[in-house]
């Protein structure tokens, strides 16, 4: 949760440290640990001059400090800062048809910064010919709550004299998600349990013309425990075994699929930050889990960092699972 602020006052944790030198010394020592870097960072070109950057919410640091803000960096320089309750932002004023690389870092209430997230490259769209005509209004959205923390939305496509490049999803007056213009369905995650929501959809073309908002869709999430609802595989387990026949090492994976009502059908597997394979759904395993096996070859004593992510119904990739480390022959 974001820290409440009053103009002219510093966060309470810092104020308490200033009471006495001894307290200041102890508090400063406790506050030196940086927060975790954001994961699941993606960047999508929404127009010729705009990129939409998203990431997964970071929980409080182990030393108890609260996440205060996120900073978006372009080529290592800060271009945007948002409060801790936001996990996406539009970067505007970019050059058409240009290559950019974005990272995101976390700042806690003690002023500690995380290392930057993994680098995410993106290319802005080509600038269209002069275009002052917006896309048509999307058809009325349809949808349902998926458990207590997600919602499945779909709508009828808009039309444009050039083409629709993206759809923006709004919760009330706030834009909370963007999908590619060829998609008319998405799963929204990170919602709160037992909460009423109102969603609308607006189409956008490459000239940044926006359509009128669609009719509103009202729904209520189910009751459940509060917390993050990122669309990432949970409880990833990884182990290595050696096949006695071909002498190769095999990586056995199992996980709990994200709460997207079973709509995701593909997963990507990464080893040491490198994509190695795409699998369709994963085999069924007991307890509602999925599983898959990857051939690692015959090299002994090799250590791998493993993580996976799902493809969501809107065609985008969801957040990465927790990373696991395995060693062949270990």
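Things worth noting here:
- Simple label model, 7 Å out from Cα along Cβ direction - residue 133 to residue 92, nm: 2.5
- Prolate/oblate/rounded label for region 50-185 (Cα gyration tensor, a/c 1.5): oblate
- Within region 77-93, backbone nitrogen closer than 20 Å to the virtual label 7 Å beyond the Cα of residue 174 toward Cβ: 80-92
- Report note on the peptides 161-167, 136-142: ranked by the mean count of other C-beta atoms within 10 Å, highest first, their order is 161-167, 136-142.
- Per-residue Cβ neighbour rank within 10 angstrom, fewest leading, 185, 192: 192, 185
- Cα gyration tensor category, rounded, prolate or oblate, for region 106-152 with a/c compared to 1.5: oblate
- Anisotropy class of region 132-273 from Cα gyration tensor, a/c 1.5 cut: oblate
- Ranked by how many other Cβ atoms sit within 10 Å of their own Cβ, fewest first, the residues 276, 72, 269 fall in the order 276, 269, 72.
- Relative exposure of 299, 266, judged by other C-beta atoms within 10 Å (fewest first): 299, 266
- Principal axis extents of the C-alpha atoms in region 142-220 (largest first, rounded to whole Å): 41, 21, 18.
- Binned Cα-Cα distance frequencies in region 35-123 - 5 Å width, integer %: 3, 16, 28, 24, 15, 8, 4, 2, 0
Every number in this text was worked out from the coordinates using simple rules, so none of it is lab data. Treat the numbers as computed from the prediction; the structure is a model and nothing was measured. Note that each Cβ is placed from the backbone with ideal geometry, even for glycine, and that neighbours are counted across all protein chains shown.
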